[in-house]
Amino acid sequence: MAEPVLAKARDIAWGPIGRKGLGQWGVATLIASEAALFAYLLFAYYYTGASALPGWLLEPRPKLFPSLPNTVLLVASSFAAMYGEKKVEAGDRKGGLLGLGGAFIMGTGFALVQLHEWSTKHYGIGTSSYGSLYFVTTGFHMAHVIVGLAILAALLLWTALGDFSPRRRIGLSAGVLYWHFVDIVWLFVFTTYYLTPYLGFAR
Amino acid sequence: MTASATRTPEIGENTVELRARLHAIWQTEPGFKEFFTTVDHKEIGLRYIVTAFVLLALGGLEALVIRLQLAGPDLHVLTPEQYDQFFSMHGMTMIFLYASPILSGFSNYLWPLLLGSRDMAFPRLNAFSYWVYLAAALFLYVGFLTGNGPNDGWFNYVPYAQKQYNAGLNQDFYSLGMILLGISTSVGAANFIVTAFKMRAPGMSINRLPVFIWGTLTASVANLLVVPAVSLAFFLLWLDRQFGTSFFQTSGGGQPLLWQHLFWLFGHPWVYAIVLPAMGMVSDGLPIFCRRPLVGYSLVALSTVATMILGFGVWVHHMFATGLPALSLSFFSGASIIITFPSAVAVFAWLATIWTGRPVVTTAFLYFASMIVLFVIGGVSGFMTASVPVDWQLTDTYFVVAHIHYVLIGINVFPVVGATYMWLPKMTGRLLDETLGKWGFWTMFAGFNIGFLPMHLTGLFGMPRRIWTYSAGMGWSTLNLITSIGSFVFAFGVLIFFLNVWKSLRTGAVADADPWGGPTLEWAIPSPPAPYNFAVIPTVASRHPLWEGQLDESRTRSTLEQGMVLDCGKETLTTTPLDAIPERIVPMPKDTWAPLLLALAISVFFVSLLIQSWPLIALGTFWITAALIFWLWPRRSLLERPAAAEDRMAHG
Amino acid sequence: MSGVPLGYLSASGDRAAAVVPLTWYMIVVSCAVSLIILALLVAGVVRRRIRDHSTQVNTVEVTRSGQGMRWIVIGLLVSAVPLAVSLIWTMTALAAVVGPPNKSALVVDITAHQWWWQIDYNGKSPSQHFTTANELHVPVGRKVLVRLHSGDVIHSFWVPRLTGKTDVIPGQTNLSWLKADRPGTYFGHCAEYCGMEHARMGFRVIAQPEAQFRAWRARQLQPAAHPASALATRGHALFHYRCSLCHTVRGTNAASRMGPDLTHLMSRRTLAAGMLPNNRGALAGWVDNPQASKPGAHMPNQHLTGPQLQQVVAYLETLQ
């Protein structure tokens, strides 16, 4: 005899808890799509570089100062953001503000150093395809840093206002996850533009 | 201050009182404000469908003008400049503004009903996606109507699209419009992916998904990953045009072929994205009219995914003539031939379903069944172009034009019209006229084949695509006249279809919940569905919840009239991605201005980029930021949770 | 196939001929597959359908009957055979047509412009070099290597009866090759959309026996003769003033490469990239008002008076 099945009524989550919830899935899809965008930008670099004539690299030996320490700074800001998230999770609003504020300051520092780095380049966006690729790829990343900083600022505000609690903080977790993405994707951009010339690409 | 963040959902029966309560919670009042603030997936789905059909009609009218120009040699219906904009606009409209959005419309409307959910995962994002789509369509058509339509074909090769060869605003409208549309497609794709994995009724494990869901899910994953390629390509083109960069400019060390790689990395998966969901419609629709489950469900579902995975690796077959090395040609040629196999699985599964079933020949059945043969014709012509040396002759002739029309009309338009005959009664509660429907079908089918079957021969006789006219001595005159006649017959068939829809809305026979005796959840609820879709969340025990009694294949039965009531506010259920075990009750957003405000902000921003007005760019940026913060502001209400009973009283 | 100058179902040269049987094979397989599926579909519907037209779909009971999976297995197995043949044949045909020929071939440089073809024959010394337009003369039976350059946007070089398409892309030199089996005139056309007059970007390949080809080549190497008649001399002066900004006539001061080289204009059969016959009426019409017959062409209307037009045409007619 056929038996009807019925989903059991048991105690389940109501709304997002911690980092778990639909918001997390939403940010994951956003990151997947944005990661693809950067993959295509880097593809454009490698494709153009691989078919270019010698001399295409306008910086055959890119200066690693201040770009390398700046990279470390950006990665460190991810850890600060992570610290802030942990603190909010532990119910420590001040610790949360400290972590997020630290991430915001380090991120701003990264952006300022990067702006300085741009100003020291002897080529511009229209100089050649290398210049276009360099400035547009790092420019895309800069746009993401600025969006990320705006998110961190909003998270700071909301944390200060007490809009997050240890379990109700999906917005915080999603924002911090996005900031991690901004930092990780920089490692790929940095490797491509600053390190591969040393490995012999397009030399 | 936090109350318990968990709850035990109440299980109840589908009662009149429950339905009334849910109705009060979920309904969108008809009204001016509500028109702009609704987040109901059914309303949004219908808007997508109506808008996409309007654009189908516009693209069709453009095609008819083109066919007048080509009806005979040396005609002057259009100037070359007008012709270039007409054929580009026709292709762009059909491929980007009709073929994908129409499927988004059906998916938006149907997914929660098929999945046993009360809405999509992100209802506000859904509304936003529609508004941006509408904005992009208006943006592109404003360009066209002011003489600034795209004029370099839908795939828009550089350097002809560059400023030194194309000085007008045409390419700026096209570039920015496509980026705007890409935003809509991407957020829509994200919404479908999360909905497919999270918003299913308990028990609807991944191997019980309707094939239509598989199709749209696969297409959405592809879109999420490949739309950035084309958005980026158009953005780089716009920079080349406006800011003197050298991405595609050989003078600055750029690569014209980079455009083609970026475009086809997107373009080829996109073609699958606009046919796989439609193939899913056929895979779900045919069995209903054949009165048996689909033959080879698992193989068909797997082949859907396999087609897309292979589809990522064949983009170069659009570039066989660009002077690539032979090794690379062989690889992409082989991959393109092998991609035939997963498509063949679907064809034989459909044929077997007909042969082992008892077909009832309705209009919807005719559209679905005829699609099989159109699909095969479009498939075999594609298989010919997969062979590199043959493609060197076929490519950029009318053979390819015939191929793309068999693919897009055969595998998109025919299933979509069939799906309308099948599902419109669910949406409106009224059936379409079967007699008029069959007249419409045969007119469309005859017109289409009269128009496009001879076009293969036009191609084999060497007519290059995208020529605005030809001379009498080329041997193409008769064939072109036949094609023009066929296309007008086809257009008349489409007109009959539109008239039938109009007639149905006014005087159509009333449809009950399940006019076709369908197997899936949408047929278990009234036509049209209530705002909350399901009064109780169903529990699913098989692929065919409504056919279990007749098929009697397992010891378990789905439960449709009893389940979680979730009536403490606007709520639905999320389940685990593979097994669909209940995981979380999610509060759903109420109607809101946020999606429209953000869409308007982004539209202002894109207009400001087009006219390069810095104050307007600043305004757009500020507006976007403000709209996003408004949208994402955390809901304090979540911090405290009233007990279920109190909440009920509050709503009661 | 003479009625379809751009048709490619028959060939007149090795490179195209290697593909014709494969093309026919694929057409036959495609038609057969389509017809078989159509027959199976129609037969299935006719045999299995419920004949009573008044039947409501939802009153017919649902059953899972029959051995449907067999269809998929047999269908895939049967499909695999022609697909495997296609795959192997494709690879062998590709090997036959892909490589550029060895160095014994005649080498020609073709530069595609909006909307005409510049054709350069290179000799051992600069004096052996000459330029013509829109008509590629080749010796029968000899392989011809074509180096493709673009003067502006992407075009595609295509002579259906001799060779498939090779795109002409700025910034890179693509190679094509062809060999004509017998004397004749073969049509070519641009096959990548390149702007307003893509429709009028044809050319001709004229295959001649070796001796005739050599004679033609020797003729082309000559500079233009000085005009003899007074009318043509006045035309020459006018040409110098009006036309030399864009055109070259070797042996005169006209040396611009913007438009086609006109040194031996009258030896060509057509004007305006294969669009017009090369006769006095068409020539006069074209020179005076090219925008009327080829709107968008980069040659502007000349607004000549009647006598001026006569003079210019008289001069052009001396460019034998």
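The values are calculated or read from the model by the stated rules, or taken from the named source; none is laboratory data. Please read all numbers here as calculations on a predicted model, not as lab measurements. Note that each Cβ is placed from the backbone with ideal geometry, even for glycine, and that neighbours are counted across all protein chains shown. These accessible areas exclude ligands, DNA and RNA; they are computed on the full protein's heavy atoms, side chains included. Shrake-Rupley method; radii C 1.70, N 1.55, O 1.52, S 1.80 Å.
Scanning region A:5-24 for residues that are over 28 Å from B:Leu546 (Cα atoms), at the interface with chain B (Cβ under 7 Å from one of its Cβ atoms) and open to solvent by 60 Å² or more (accessible area, probe 1.4 Å) turns up just one, A:Asp11. Residue count for region B:341-372 under the criterion of being more than 7 Å from every other protein chain (Cβ to nearest Cβ), open to solvent by 20 Å² or more (accessible area, probe 1.4 Å) and aliphatic (A, V, I, L, M): the result is 1. Criterion applied to C:Ala105, C:Ala95, C:Ala133 was being more than 27 Å from C:Ser150 (Cβ to Cβ) and not acidic (Asp, Glu), and the one residue passing it is C:Ala95.
Filtered by the rule that a residue be open to solvent by 10 Å² or more (accessible area, probe 1.4 Å) and touching a helix residue (DSSP H, G or I) at 6+ places or on another chain (Cβ under 6 Å), region A:33-46 gives A:Ser33, A:Ala36, A:Leu37, A:Tyr40, A:Leu42. Has region B:285-294 got any residue that is within 25 Å of C:Gly164 (Cβ to Cβ), outside any loop (DSSP other than H, G, I, E, B) and open to solvent by less than 10 Å² (accessible area, probe 1.4 Å)? There is no residue in region B:285-294 that is within 25 Å of C:Gly164 (Cβ to Cβ), outside any loop (DSSP other than H, G, I, E, B) and open to solvent by less than 10 Å² (accessible area, probe 1.4 Å).
C:Leu38 fulfils the conditions (1) in a loop (DSSP other than H, G, I, E, B); (2) within 7 Å of chain B (Cβ to nearest Cβ); (3) of a type in the set (A, V, I, L, M, F, W, C) except for a single criterion, (1).
Conditions tested, residue by residue: (1) at the interface with chain B (Cβ under 7 Å from one of its Cβ atoms); (2) surrounded by 14 or more Cβ atoms within 10 Å (Cβ to Cβ).
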residue: C:Ser12; (1), (2): no, yes
residue: C:Val28; (1), (2): no, no
residue: C:Gly44; (1), (2): yes, yes
residue: C:Gly66; (1), (2): yes, yes
residue: C:Ile88; (1), (2): no, no
residue: C:Met91; (1), (2): yes, yes
residue: C:Ala95; (1), (2): no, no
residue: C:Pro100; (1), (2): no, yes
residue: C:Gln118; (1), (2): no, yes
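Considering region B:308-326, the residues that are assigned to a helix (DSSP H, G or I), more than 9 Å from chain C (Cβ to nearest Cβ) and out of contact with any Phe, Trp or Tyr (no Cβ under 6 Å at 6 or more places or on another chain) include one that is surrounded by the fewest Cβ atoms within 10 Å (Cβ to Cβ), namely B:Ile309.
So, in region C:265-284, of the ones that are of a type in the set (Lys, Arg) and not in a helix (DSSP H, G or I), which residue ends up least open to solvent (accessible area, probe 1.4 Å)? Going through the qualifying residues, I end up with C:Arg268. Within region B:45-65, does at least one residue satisfy the condition of being assigned to a loop (DSSP other than H, G, I, E, B) and surrounded by 19 or more Cβ atoms within 10 Å (Cβ to Cβ)? No, that holds for no residue.
Conditions (1) farther than 25 Å from B:Ile624 by Cβ; (2) buried (at least 18 other Cβ atoms within 10 Å of the Cβ); (3) hydroxyl-bearing (Ser, Thr, Tyr), marked per residue:
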| residue | (1), (2), (3) |
| --- | --- |
| A:Ser129 | yes, yes, yes |
| A:Gly148 | no, yes, no |
| A:Arg167 | yes, yes, no |
| A:Leu177 | no, yes, no |
| A:Pro197 | yes, no, no |
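Of all the numbered requirements in (1) in a helix (DSSP H, G or I); (2) open to solvent by less than 30 Å² (accessible area, probe 1.4 Å), C:Pro5 misses one, and that requirement is (1). Looking only at residues in region B:327-340 that are touching a residue at least 24 places away in the same chain (Cβ under 8 Å) and at the interface with chain C (Cβ under 9 Å from one of its Cβ atoms), which one is nearest to B:Val390 (Cα to Cα)? Ranking the qualifying residues of region B:327-340, first place goes to B:Ser333. Residues that are open to solvent by less than 10 Å² (accessible area, probe 1.4 Å) and more than 10 Å from chain C (Cβ to nearest Cβ) within region B:542-564 comprise B:Gly563, B:Met564, listed in sequence order.
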